[in-house]
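Novice: My questions all concern the structure below.
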Amino acid sequence: MAGPFDSAWLKWAMAVMNAEVLQDNVETFASQADLKMHAQLATYYDAKRHCVVLIVTEIVNPFPVLWGLLLGDIVHNYRCCLDHVAWALYKRGRTPNLSVSKERNVYFPIYGERIKFMSR
């Protein structure tokens, strides 16, 4: 029989594994890639200000798309881990008797502002 926190540990483990894959990818990319920046210069005359404007644009080789996917998955798994802990704590309570619709609102609260946290 699975323990009440097993799913949270599995989410945590997936996040850690993907974080290690991302770290390996970044280290490999940094050691092999040409990370030099290339600058492009442009000038134009601004008649309103009576001056010449110099624009310097730096172009950097883009990072692999996989990094964004891995990072998103890592963050999502850590967040889900907290939700799984909240659910396990609810289920371990003495009287878990919420309706099905209210059970859907059992999650780990994260808000950027104290006012939003307190109002929920």
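Novice: Over every pair of different alpha-carbon atoms in the range 57-115, take the mean of 1/r and invert it; report that Kirkwood radius in Å.
Specialist: 14.7 Å
Novice: What does the charge count around MET14 come to, taking other residues whose C-beta lies under 15 Å from its C-beta (Lys +1, Arg +1, Asp -1, Glu -1)?
Specialist: Summing Lys and Arg as +1 and Asp and Glu as -1 gives -2.
Novice: Using +1 at the Cβ of each Lys and Arg and -1 at the Cβ of each Asp and Glu in the chain, identify which of ALA88, VAL53, LEU71 lies farthest towards the dipole's positive end.
Specialist: ALA88
Novice: Another question, then. Using a 1.4 Å probe and counting only protein heavy atoms, arrange SER7, SER31 so the residue with the most accessible area comes first.
Specialist: So, going from the largest accessible area down, we get SER31, SER7.
Novice: Right, here's the next one. Which whole-number percentage describes the relative contact order of the chain, with Cα contacts under 8 Å and a sequence gap of 6 or more?
Specialist: Reported as a whole number, the value is 31 percent.
Novice: In addition: What do you get when you divide the Cα radius of gyration of the chain by 2.2 N^0.38 Å, with N the number of residues?
Specialist: That ratio works out to 1.81.
Novice: Further question: Calculate what fraction, in whole %, of the accessible area of the chain sits on carbon and sulfur atoms when a 1.4 Å probe is rolled over the protein chains.
Specialist: Values: 6110 of 9910 Å².
C and S fraction of accessible area: 62 percent.
Novice: Might you work out the accessible area of THR57 for me, using a 1.4 Å probe with all protein chains in place, and round it to the nearest 10 Å²?
Specialist: Number for this one is 60 Å².
Novice: Mind ordering 16-22, 104-110 by average Cβ neighbours within 10 Å, highest first? Kindly include the intermediate steps, with their values, before the conclusion.
Specialist: Working: 16-22: 15.3, 104-110: 11.4.
Ranking, from highest mean packing down: 16-22, 104-110.
The values are calculated or read from the model by the stated rules, or taken from the named source; none is laboratory data. The structure displayed is predicted, hence computed values, not measured ones. Positions of Cβ are generated from backbone atoms using ideal geometry, with glycine treated the same way; all protein chains shown enter the neighbour counts. Quick note on the areas: whole protein, heavy atoms, side chains included, nothing else; ligands and nucleic acids left out. Shrake-Rupley method; radii C 1.70, N 1.55, O 1.52, S 1.80 Å.
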